[in-house]
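Input: a single structure, listed below in C-alpha cells.
The numbers here are math on the coordinates, done by the rules we state, and not lab data. This is a predicted model, so every value here is computed, not measured. Counting neighbours? That spans all protein chains shown, and the Cβs are built from the backbone with ideal geometry, glycine included.
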Amino acid sequence: MTAESPTVVVLTAPGEGLPEGLERLKGEADIRLAEDGASLKKALPGAQVLCVTDFRTDAVTEAWPAADALQWIHATSAGVDALLTPEVRDSEIPVTNARGIFDQCIAEYVLGQIIAFCKDFPGNWALQQARRWQHRETEPVAGRSVLVVGAGSIGRRIAGLCGAIGLEVDGVGRRSRPGDDDFGAIYAQADLVSILPDYDFVVIAAPLTADTEGLFGEAEFHAMHSSARLINIGRGPIVRTEALVQALENGDIDGAALDVFEEEPLPSDHPLWGLDNVHISAHMAGDFIGWKRALSEQFLENYHRWRNGDPLENLVDKHQGFVTRQ
C-alpha cells in the first residue's frame, strides 16, 4: 500500500464482514472494517471514504468527531435517513446512495401485491390448504387506479410497470407538476388527504424525511376509500402503525401489503400478524439474488469516479434527504 492510497472505511452490521465484491479494492485502497460506533471511531481517523452498508446504523453519530479527513460518504441503500445526522447534513462532505439498484424488483413486488389482492391469492392458498374446491369471482386488475406517494426513481419504475398492464397511475411529490412522462398526474403532498378517496391502491415509495415521517395517520386512512389497499415499500415510520391497525380492524381500508415497519423486526405478538387482510414481508421487496454484489459494483464504479476526480453519481441533496432527479 503506497502513501497515496486512500483509506476506505466500510461500516457493516455486526458480523457481516466485508461485502461481497469489495475485495477488489484490495491493493488500491487501505480497507478498514467497522461494525459499531466504537470500531468506527477507531477506523475513521485519516480515512477519506466511508461506505455504509447498514441502513439502520446510528454509529455515525457516535464516531463523527473522529472523521478528520472524510471526503465522501456512500450508502448502499436507497434510504439515507440514518446517515443524515445534523453533523453530516451541515458538513461539506458529499453523500451518495444506491439509487437505481432496487427499482425494478421493488416495482415487481408492488405489482405482484396488487395482483395478489385483486385475484385473492391468499384466499386461494387458504382453500388449497383446506382441500376445499370453491369457485369464486375476483377483481380485474386493468383499469384500477394507483396513487404512488413518492415520485423518485422507485416510484417512477412502479408507475411504468403498473401502467404497462393497464393500471391508471398518478403520483405525489413535494409539488404538483402539470405534465409528466411516467404518471398521469403528479399532485402536491400538501393535497394528499383530498385526493386519497379517488384511488384503489395507495403505494408509499417516498424516502423518510422530516416531511414524510408520520405522513399516514388516522386522517389519511379515514380519507381513503373503504375498498382501498395500502402498499408500503418506503420506510416504516412514514406510517403510524397504531392508526393503520385501527383502520384495518374498523374496515376504513380493505387491506395492506407491508414490507417496512416502524419497529423492525416486527414483534411476533404484533396484531398485524393476525390480520387476514395484511400481507407481510421482512423488508425484502427489492432484494434480488445477487443484490449485495450489485451494490458493491455500484460503489466501486463511483469510487473510481472519485479517484479520477469525476462527478459522483447518485448525489444526495442532504437537506431534502434524497437524490434529486438526474
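When peptides 157-164, 126-133 are sorted by average Cβ neighbour count within 10 Å, with the highest value leading, the order is 157-164, 126-133. Ordered by the count of other Cβ atoms within 10 Å of each Cβ, fewest first, VAL203, VAL149 give VAL149, VAL203. For the pair region 253-278 / region 143-199, the C-alpha centres are spaced 24 Å from each other. Placing pseudo-labels 7 Å out from each Cα toward the beta carbon at GLN134 and ASP310 gives an inter-label distance of 5.8 nm. Given a Förster distance of 30 angstrom, what is the FRET efficiency for ARG89 paired with ALA190, based on the Cβ-Cβ distance and rounded to 0.05? Rounded to the nearest 0.05, the efficiency is 0.80. When ILE154, ILE238 are arranged by Cβ crowding within 10 Å, least crowded first, meaning fewest neighbours, the order is ILE238, ILE154.
Amide H contacts of THR96: ILE73, HIS74, ALA75, VAL316, each under 5 Å away and 5 or more positions distant or on a separate chain (H built 1.01 Å from N in the peptide plane; Pro and chain starts excluded).
Straightening the chain between GLU297 and ILE280 buys 3.1 nm, computed as 0.36 nm per residue apart minus the Cα-Cα spacing. Taking a ≥ b ≥ c as the square roots of the Cα gyration tensor eigenvalues, region 1-104 comes out rounded, since a/c falls below 1.5.
The count of lysine pairs in the chain with alpha-carbon distances below 26 Å, taking only pairs 8 or more places apart or on different chains, stands at 8.
Summary of packing: across the peptides 83-96, 299-312, 63-76, the per-residue average of other C-beta atoms within 10 Å ranks them, highest first, as 63-76, 83-96, 299-312.
Taking every DSSP bridge with both residues inside the chain, close to 10 percent are antiparallel.
Using a cut-off of 14 Å between beta-carbons, work out the net charge of the residues near ILE106 (Lys and Arg +1, Asp and Glu -1, ILE106 not included). That sum, taken over residues with Cβ under 14 Å, equals 0.
Which order, highest average first, do 223-231, 16-24 follow once you tally other Cβ atoms within 10 Å for each residue and take the mean per peptide?
Per-residue mean Cβ counts within 10 Å order the peptides as 223-231, 16-24.
Charge dipole of region 74-227 (Cα centre as origin; +1 on each Lys and Arg Cβ, -1 on each Asp and Glu Cβ, all else neutral): 600 debye, rounded to the nearest 20.
For the chain, the Cβ-based charge dipole about the Cα centre amounts to some 660 debye (Lys, Arg positive; Asp, Glu negative; other atoms uncharged).
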